[in-house]
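Structure, as structure tokens:
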Amino acid sequence: MSAAPTAVSSSHAERQLLFRHVMGRFATGVTVVTTCVGEETFGMTANAFMAGSLEPMLCVVSINRAAQMHDRLLQAGHYGVSFLTQLQQHFAAHFAGRRLQGLTPEFEVRGRTPVLKRSLAAVTADVAETVECGDHTLFIGRINDLVVRDAARPLLFFGGRYAWIDVGAPIEDAKPPEFW
């Protein structure tokens with residue numbers, strides 16, 4: 001038996017809280033968006049990332065205009081997105097503003113864009129277009145580089161908490177269902 005659905009609240013604050021609650025029921029991967037301005041590397045934890053297009057290859061990251069990363073992406077004109085593994089949960093906290101003392105993230109530079117070393121996968125892109133979306137900006141990126149590694153447990157975010165799943169076989173061995 002499932003729980004009764006929550007009704008839409010009348011106050012704006014209650015609707016925003018309900019919106020966050022509902023959106024939290026969509027399981028997402030956890031990423032760190034990175035860029036560099038001059039010689040300095042910047043990163044931010046984000047789960048608002050998606051593939052945009054296969055032809056041309058585009059990806060999209062949604063960044064709050066109040067976030068420091070927003071202006072850095074506008075200035076740099078390029079970004080990387082590193083998909084985290086369960087073993088990198090500490091990076092999710094670190095780049096979400098809960099700095100961990102003594103943690104020094106390691107980056108590899110792909111072209112001109114830094115990505116986290118040992119991530120499950122990474123994408124680098126040049127900002128091709130920006131689109132305002134409420135209090136966020138969608139940064140549509142033309143993909144420059146793709147990296148994928150085998151990892152047993154991708155890091156997920158669901159209901160305000162981290163989770164992970166075991167992936168039994170490497171991606172290359174995965175077979176689609178017979179009806180495909």
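The values are calculated or read from the model by the stated rules, or taken from the named source; none is laboratory data. Not measured: the values here are computed from a predicted model. No Cβ is skipped: glycine too gets one built from the backbone with ideal geometry, and neighbour counts run over all protein chains shown. For accessibility, only protein heavy atoms count, side chains too; no ligands or nucleic acids. Shrake-Rupley method; radii C 1.70, N 1.55, O 1.52, S 1.80 Å.
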How large is the dipole of segment 10-132 about the Cα centre if only Lys and Arg carry +1 and Asp and Glu carry -1, each at its Cβ, rounded to the nearest 20 debye? 460 debye
Can you give the log10 of the normalised intensity I(q)/I(0) at q = 0.22 Å⁻¹, computed with Debye over equal Cα scatterers of segment 55-160? -1.38
Would you mind checking which residues have amide H under 5 Å from PHE107's amide H? H placed 1.01 Å from N; only 5 or more apart, or other chain. LYS117
Amide hydrogen neighbours beyond the local backbone of VAL37, cut-off 5 Å, H modeled: PHE42
Once neighbouring chains are kept in place and the probe is 1.4 Å, which whole percent of the accessible area of segment 59-102 is contributed by carbon and sulfur? 48 percent
Would you calculate, for the chain, the mean residue ellipticity at 222 nm contributed by helices, counting each DSSP H stretch of 4 or more residues as -39,500 (n - 2.57) and dividing by all residues, to the nearest 500? -4500 deg cm²/dmol
Once the dipole of segment 67-171 is set up with Lys and Arg at +1 and Asp and Glu at -1 on Cβ about the Cα centre, which of HIS94, ASN144, MET69 lies farthest towards its positive end? HIS94
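Quote the relative contact order of the chain in percent (integer), defining contacts as alpha-carbon pairs under 8 Å separated by 6+ residues.
Taking the mean separation of contacting Cα pairs over the length of the chain, I get 23 percent.
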Solvent-accessible area per residue, Å², over the chain with all protein chains present [probe radius 1.4 Å]: 64 Å²
Out of residues 5 or more away from ASN144 or on other chains, whose amide H comes under 5 Å of its own, with H placed 1.01 Å from N in the peptide plane? THR124, ALA125, ASP126
